[in-house]
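See below for the structure under consideration.
Readers should treat all values here as calculations from the given coordinates under stated rules, not as data from a laboratory. Owing to the predicted nature of the structure, the values given are computational and were not obtained by experimental measurement. Here Cβ is always computed from backbone atoms with ideal geometry, including for glycine, and neighbour counts include all displayed protein chains.
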Amino acid sequence: MRKPIGLCVAGLLLAAVCQAQTTPPAMTLTKMDEAKQKDWLARWDKNISGEVKGYRVCESAVGEDIAWKMTGVMDGLYYGYMATKNTKYVDMLVDWADHLIKRAVKEPDGYFGWPSFAAAGTDVDNLDKTFDADSMLSDAMVFRPIVLMAGEMIKNPALKEKYGAKGVSYLKFAEQLYEKWAKRGGWRETKDGGMISVVLPYGLDPTRTKWIGFDTRNDPGHGFSHPNNKANEVAMWMLAMWDVTGKPEYKEHAEKWFKLMKSRMPVKADGTYEIWNYHQPAGPWDYKPDGSTKHWVGVHPNGGYYQIDTTAIVAAYEHGLVFDKADIARLIATSKKTNRRWSALAPYDVEIQKEFEASANPDNWGGLGLSHYLMLQAKLAGK
């Protein structure tokens, strides 16, 4: 991940994307066995190529389904290119991104989305039973790899001539998506300088030409804060937008969220973290009129949500935001003590790296994300 510094040229039509970098934090990452690395890459390539050709959810997914059905492929393709510099992965990403974008629906406020019933992904406030809407989470998750690839298209001489204009168009579209959610009230300030993304109670009528509940969406008591995993996904989109554009507003959104996230992670006497709650009220909008919380508060049994949280925390650390070296050490200790081997920590701990390489599988859906690790290995080898 990259932390922009210095001055960037304003606007989208940049001669090169501003991506000045600070020196990344030191990793303990060691080179994996060369034969195993080649085997992983071959199996991963077969896996993702099959998904791109056969899965084709880019032609149909709407609402929150976009987030969970498309992002694994899009992330895999971006990091696959970064690991190999093979432009076939750029072409695959363009194929999927273009099929998604051309299906976008223009909504009554002039912004585009992919609305569907039950797009909020939660029954809180009857959001999934009442409203036909689009999903901030989906915009964030699927456009993070698109934005990062757009940055490569615009700044990388090996891609600029063929893909530069495409990259500019993707970046412009992503900025419009951000503007959409900012104007609709998709983020709310919290106490102590924090910020969180929220789902709002509004949607489209059956004709998709008029709003239902739009004018009252930000009234007192309206809105529901994303659980941590979703708020972290939105924040990682903001990091990507900051990486590629250099605009401070994206950094500020991410930084304020990570400040809130850190406040939710109690440190125990032994120096490890107590496993934090999946969801926690962030403001008065997260409470019912009787004072009870709109959502249960506690540790979620799905460990994958904490994998997302840890990935975002590591990304914040690598950007120099909020989390520091001591926090990563606490996460590593927590991971080992609770037997939660968070793969995002593999580059920072030899034992976790060894266990990750022994257990990861390039052939399944989760294995699509191994291209990120293969990218780190390629960088380690100077490729």
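Put a dot 7 Å past the Cα of K183, heading toward its Cβ, do the same for E161, and the two dots end up 3.9 nm apart.
Which FRET efficiency, nearest 0.05, do D290 and K337 yield, Cβ-Cβ r, R0 30 Å?
Working: r = 38 Å, r/R0 = 1.27.
Plugging the Cβ-Cβ distance into 1/(1 + (r/R0)^6) gives 0.20.
For region 41-105, what is the charge dipole size about the Cα centre, in debye to the nearest 20, if Lys and Arg each add +1 at the Cβ and Asp and Glu each add -1 at the Cβ?
Details: 9 positive and 9 negative charges, 42 e Å.
With Lys and Arg at +1 and Asp and Glu at -1, about 200 debye.
FRET efficiency for S49 and Q176, Cβ-Cβ distance as r, R0 = 30 Å, nearest 0.05? According to the calculation, E is roughly 0.45. Among D327, D134, D270, D98, the order by Cβ neighbours within 10 angstrom, fewest to most, reads D270, D98, D327, D134. Relative to the Cα centre, the charge distribution of the chain, modelled as +1 at Lys and Arg Cβ and -1 at Asp and Glu Cβ, gives a dipole magnitude of about 740 debye.
Each label was represented as a point 7 Å from its Cα along the Cα-to-Cβ direction; for A269 and A35 these points are 5.1 nm apart. Taken one residue at a time, the phi angles of region 276-286 give Karplus couplings (6.51, -1.76, 1.60, θ = phi - 60°) of 7, 5, 5, 10, 8, x, 10, x, x, 5, 8 Hz. Gly and Pro are set to x.
When the helices of the chain are scored as -39500 (n - 2.57) per DSSP H run of n ≥ 4 and the total is divided over every residue, the value at 222 nm lands at -16500 deg cm²/dmol.
Normalising by residue count, region 240-363 has a Cα convex hull of 145 Å³ per residue.
Among the trypsin sites (Lys or Arg not before Pro) found in region 144-253, those both in a DSSP coil and sparsely packed, with 12 or fewer other Cβ atoms within 10 Å of their Cβ, are K210. Computed from the C-beta positions of A381 and K354, the FRET efficiency with R₀ = 22 Å rounds to 0.75.
Which ordering of W296, W181 is given by a fewest-first count of other beta-carbon atoms within 10 Å?
Working: W296 9, W181 20.
Lowest count first: W296, W181.
Of the residues Y202, G186, A165, the one whose Cα sits farthest toward the positive end of the charge dipole of region 158-215, with +1 on the Cβ of Lys and Arg and -1 on the Cβ of Asp and Glu, is A165.
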